[in-house]
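Okay, structure first, notes after.
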Amino acid sequence: QGGAPLLTVRGLQAWYGESHVLHGVDIDIHAGEVVTLLGRNGAGKTTTLRSIMGVVGRRSGSITYGGRELVDARSDVIARAGIAWCPEERGIFASLDVTENLMLPPVVLPGGLPIEEIYTLFPNLKERARSQGTKLSGGEQQMLAIARILRTGAKLLLLDEPSEGLAPVIVQQIGHTIRALKQRGFTVLLVEQNFRFAQTVADRHYVMEHGKVVDMVRNDELAGSMGRLHEYLGV
Ligand code: ATP
């Protein structure tokens, strides 16, 4: 892909207190790409998303988004620059219904999708518009969490294990949603343990080990790379 990447991460290191977790992560993502972070438990995938979003204790290196350096920026500044994070625990309001949740995006930038458009993208959520957060299935909660960050107007979406704990048919729906987001021009970086799912959505995969990116594989060249991936991931 030509042109400058939308997101460039160079030599990213991160700490939780005294615990040094990322040891120099390098990632490039072009606008409109869907990219996964793969790797075993504890490799640093979630911490990479948290670091990009500015929610770790300390970080160093470089994180540029649209040419702007964000490694020293606060998380609210990063959010207003157009990056949104959908954490593994989803972060929706249990006591509010679906529409109310959608009325409370974390930030709102120009280009945030109106509720009607959200409901076109997520017809299941429309049917559940008056249901409380607590009454939603795991899949509906995940859809709502993604829908909420689309309200913000962010163009780069960081998704932490959107397939986790969901039934295969729901995982397929999430995959459909991610492909629809790509078609609309969103850029997605997602952490995944489910490699079969990752293959159905991503253009490229980065493999992490011990707080570093150790490999990158294009999805259309997977056939020749399966041996390597098998060793990294045990898939
Ligand atoms: P997983 O899928 O298990 O979450 P991961 O690749 O996303 O794996 P991280 O969650 O980024 O890995 O964790 C990387 C390392 O950082 C692990 O050794 C983990 O124990 C440690 N770690 C994660 N969160 C914290 C925290 N809040 N405080 C201290 N150490 C942490």
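The values are calculated or read from the model by the stated rules, or taken from the named source; none is laboratory data. Treat the numbers as computed from the prediction; the structure is a model and nothing was measured. Here the Cβ positions follow ideal geometry from the backbone for every residue, glycine too, while neighbour counts run over all protein chains shown. Surface accessibility is based on the protein's heavy atoms, side chains included, excluding ligands, DNA and RNA. Shrake-Rupley method; radii C 1.70, N 1.55, O 1.52, S 1.80 Å.
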Given the conditions (1) within 16 Å of the ligand (Cβ to nearest atom); (2) under 15 Å from the mean Cα position of the chain (by Cα); (3) β-branched (V, I, T), report the number of the one that V214 does not fulfil. (2)
Which listed residue is closer than 30 Å to A129 by Cα, of a type in the set (V, I, T), surrounded by 14 or more Cβ atoms within 10 Å (Cβ to Cβ) and touching a Ser or Thr at 6+ places or on another chain (Cβ under 8 Å), from V21, V25, V55, V107: V107
Looking only at region 135-148, decide whether some residue is in contact with a Lys or Arg (Cβ under 9 Å, 6 or more places away or on another chain), under 13 Å from L38 (Cβ atoms) and open to solvent by less than 50 Å² (accessible area, probe 1.4 Å). no
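Do we have any residue at all in region 152-171 that's of a type in the set (D, E), farther than 22 Å from G44 by Cα and touching a residue at least 12 places away in the same chain (Cβ under 8 Å)? Working first, answer last.
The initial filter retains those residues of region 152-171 that are of a type in the set (D, E), namely 160-161, 164.
Then keep just the ones that are farther than 22 Å from G44 by Cα; that gives none.
The answer is no, given that none of the residues of region 152-171 is of a type in the set (D, E), farther than 22 Å from G44 by Cα and touching a residue at least 12 places away in the same chain (Cβ under 8 Å).
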Residues being of a type in the set (G, A, S), part of a helix (DSSP H, G or I) and closer than 16 Å to N124 by Cβ: count how many of those fall in region 149-200. 2
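Among the residues of region 82-120, count how many are more than 19 Å from the chain's Cα centre (by Cα) and assigned to a loop (DSSP other than H, G, I, E, B).
Within region 82-120, the subset more than 19 Å from the chain's Cα centre (by Cα) is 93-101, 103-104, 110, 114-117, 119-120.
Right, trim to assigned to a loop (DSSP other than H, G, I, E, B) and you get 93-96, 103-104, 110, 114.
Final tally of qualifying residues: 8.
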Here are R179, R184, R204: which of them is in contact with a strand residue (DSSP E or B) (Cβ under 9 Å, 6 or more places away or on another chain), open to solvent by 40 Å² or more (accessible area, probe 1.4 Å) and at negative phi? R179
Just checking, does region 226-233 include any residue being in a loop (DSSP other than H, G, I, E, B) and either of a type in the set (K, R) or surrounded by fewer than 19 Cβ atoms within 10 Å (Cβ to Cβ) (or both)? no
Can you find even one residue in region 80-94 that is open to solvent by less than 30 Å² (accessible area, probe 1.4 Å), within 16 Å of the ligand (Cβ to nearest atom) and farther than 25 Å from K182 by Cβ? no
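Tally time: how many residues in region 134-145 are more than 21 Å from the chain's Cα centre (by Cα), part of a helix (DSSP H, G or I) and in contact (Cβ under 8 Å) with a residue 12 or more places away in the chain?
Going residue by residue through region 134-145, those that are more than 21 Å from the chain's Cα centre (by Cα) are 134-136.
From what is left, the residues that are part of a helix (DSSP H, G or I) are 134-135.
Those still in the list that are in contact (Cβ under 8 Å) with a residue 12 or more places away in the chain too: 134.
Residues meeting the conditions: 1.
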Is it the case, given these coordinates, that V171 is touching a helix residue (DSSP H, G or I) at 6+ places or on another chain (Cβ under 6 Å) and open to solvent by 10 Å² or more (accessible area, probe 1.4 Å)? yes
All but one of (1) of a type in the set (D, E); (2) in contact (Cβ under 8 Å) with a residue 60 or more places away in the chain; (3) open to solvent by less than 30 Å² (accessible area, probe 1.4 Å) hold for D215, so report the exception by its number. (2)
